[in-house]
Amino acid sequence: MGNSKMNARERIDYLFDDHSFVEVGGYVSARNTDYNLGANKVEGDGVITGYGVINDRMVYVYSQDVSALGGSVGEMHAKKISSLYDLAMKTGAPIIGMLDCAGLRLQEATDALHAFGTIFNKQAQASGMIPQISAVFGMCGGGSAVMSAMSDFTLMEKENGSLFINSPNALAGNEESRQNTAGAQFQSEQAGNVDCETEEDLLEQLRNLVDVLPSDYEAEDAYFDNDDDLNRIIPELNDAAYDADAILKSVSDSGMYIETKAMYAKEMVTGFMKLNGVTVGAVANRSEVYNEEGGKAETFDAALSPAGCEKAAEFISFCDAFNIP
């Protein structure tokens, strides 16, 4: 557990603009003393919480620390996250959760169960009010997996990330050599729950997402001065007539385009792009996928699939909630 290249604090430092992160609740520790847990108290109670700036935009973040009690979720751990949600909703700013934990802290029993409930409650309140983004860097099981599922977008580290409600080895015939249902490949390609990236790319994608999304449902701050020539010629459009992903990337301002759930239901494309400085949601079906060399990699029927329609509907609901055209 936790064989990632970065620890919880290093991820925060990488994510935010230099010297902009302000920690909140750094000295909070577990309250419970049952099962001799008091002897293992750690400052922060397994999660680093605070706020900072990403490309001049205020963002709140919590990053679970797997080296402190396994990053497990207990009473005070959850109170720190819940308090952070209150601040984010009050100030109207996105919240990013970096998940890397063993799930419920069993030693705290019903206090820990209640803790998960308080986090789920805050996530439900924040839904449609502020963007919620989760990033799975390591173990993310049980209630922690629900936290990721209640987010608007979930990114997952492809080597060390593990996402599941029940332990994968409890499923008959489920093993990595055949099909690892907790792994990034299954979760991105078949379940459609995540986008998977390497650790550095994942953190860069978090920055890009914050860049294009509004701070809350009332904000109109997802606007950039546009120095792209609106009348430029795009010769590559002739070679990508059936690949909507390539077309959207070409026509967006300076190539500012982020595809969501790129590995799932590839016959349907959903993503955010900048057009004349304004963030726009894009939904399109496609029948061809091209590789980086320009060759045809995959082909699909020019028809709507159930998975593709669900992917599009979920994306459109998000755009509707945050006034994204």
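The residue among F16, T110, S67 whose Cα reaches farthest toward the positive pole of the charge dipole of the stretch 12-113, with charges on the beta-carbon of Lys, Arg, Asp and Glu, is T110. Dipole magnitude for the stretch 218-261: about 260 debye, using +1 per Lys or Arg Cβ and -1 per Asp or Glu Cβ, origin at the Cα centre.
For the chain, give the magnitude of the charge dipole about the Cα centre (Cβ charges: +1 Lys/Arg, -1 Asp/Glu; no others), in debye to the nearest 20.
Computed charge dipole of the chain: roughly 1160 debye.
Could you do me a favour and compute the accessible area per residue for the chain, 1.4 Å probe, result in Å²?
Details: 15330 Å² over 325 residues.
For the chain, the per-residue accessible area is 47 Å².
May I ask you to give the percent of accessible area on the stretch 89-151 that is carbon plus sulfur, with a probe radius of 1.4 Å?
Details: 1250 of 2000 Å².
C and S fraction of accessible area: 62 percent.
Please work out whether the stretch 8-165 counts as rounded, prolate or oblate from its C-alpha gyration tensor, where a ≥ b ≥ c are the square roots of the eigenvalues and a/c under 1.5 means rounded, while otherwise a/b larger than b/c means prolate and anything else oblate? The shape class here is rounded.
The gain in end-to-end length when the A149 to F120 segment is fully stretched comes to 9.4 nm, 0.36 nm per residue minus the alpha carbon separation.
Just how large is the dipole of the stretch 262-325 about the Cα centre, in debye to the nearest 20, putting +1 at every Lys and Arg Cβ and -1 at every Asp and Glu Cβ? If you can, show how the numbers build up before the last one.
Numbers: 5 positive and 9 negative charges, 37 e Å.
Charge dipole, the stretch 262-325, about its Cα centre: 180 debye, nearest 20.
Residues with beta-carbon under 14 Å from that of N7, excluding N7: net charge, scoring Lys, Arg +1 and Asp, Glu -1?
That works out to -3.
For the stretch 80-175, the gyration tensor built on C-alpha atoms gives an oblate shape. Its axis ratio a/c (a ≥ b ≥ c) is at least 1.5, and a/b is not larger than b/c.
Take the solvent-accessible surface of the protein heavy atoms, probe 1.4 Å, and return the percent of it on the stretch 218-298 that carbon and sulfur atoms account for. C and S fraction of accessible area: 48 percent. With Cα atoms as the point set, the stretch 198-325 shows a radius of gyration and Dmax of 15.0, 43 Å. Exposure here means at most 16 other Cβ atoms within 10 Å; with GluC sites (Glu not before Pro) in a DSSP loop as sites, the longest stretch of the chain lacking them is 44-158. Length gained on full extension, V53 to N166, computed as 0.36 nm times the residue gap minus the Cα-Cα distance: 37.1 nm.
Under a Cβ-Cβ cut-off of 13 Å, what is the net charge of the residues other than S317 that fall near it, where Lys and Arg count +1 and Asp and Glu count -1? Once all neighbours under 13 Å are counted, the net charge is -3.
Can you classify the stretch 105-149 as rounded, prolate or oblate using the Cα gyration tensor, where a ≥ b ≥ c are the square roots of its eigenvalues, rounded means a/c under 1.5, and otherwise it's prolate if a/b beats b/c and oblate if not? Verdict is oblate for the stretch 105-149. Computed from the Cβ-Cβ distance with R0 of 22 Å, the FRET efficiency linking V42 to N180 stands at 0.10. Here the stretch 205-234 is scanned for amide nitrogen atoms under 17 Å from the site 7 Å beyond the Cα of N323 along Cα-to-Cβ, giving 212-224. Solvent exposure of Y62, expressed as accessible area, is near 0 Å², computed with a probe of 1.4 Å over the protein chains only. Across the chain, counting alpha-carbon atoms alone, Rg and Dmax equal 20.4, 69 Å.
At 0.36 nm per residue, minus the direct Cα-Cα distance, what do Y223 and Y14 gain on full extension? Give it in nm, one decimal, please.
On the way: separation 209, 0.36 × 209 = 75.24 nm, distance 2.40 nm.
Full extension from Y223 to Y14 adds 72.8 nm.
Centre-to-centre, using Cα atoms only, the stretch 235-253 and the stretch 309-325 are separated by 22 Å. Any idea which of G97, A124, M147 is furthest toward the positive side of the dipole for the stretch 53-149, if Lys and Arg beta-carbons carry +1 and Asp and Glu beta-carbons -1? Of the listed residues, the answer is A124.
Please report the net charge: other residues with Cβ closer than 12 Å to the Cβ of T270, K and R +1, D and E -1. Net charge in that neighbourhood comes out at -2.
The values are calculated or read from the model by the stated rules, or taken from the named source; none is laboratory data. Note that the structure is predicted; figures quoted are calculated from it, not measured. Cβ coordinates were reconstructed from backbone atoms using ideal geometry, including for glycine residues, and neighbour counts include every protein chain displayed. Side chains are part of the model used for accessible areas, which takes the heavy atoms of the whole protein and leaves out ligands, DNA and RNA. Shrake-Rupley method; radii C 1.70, N 1.55, O 1.52, S 1.80 Å.
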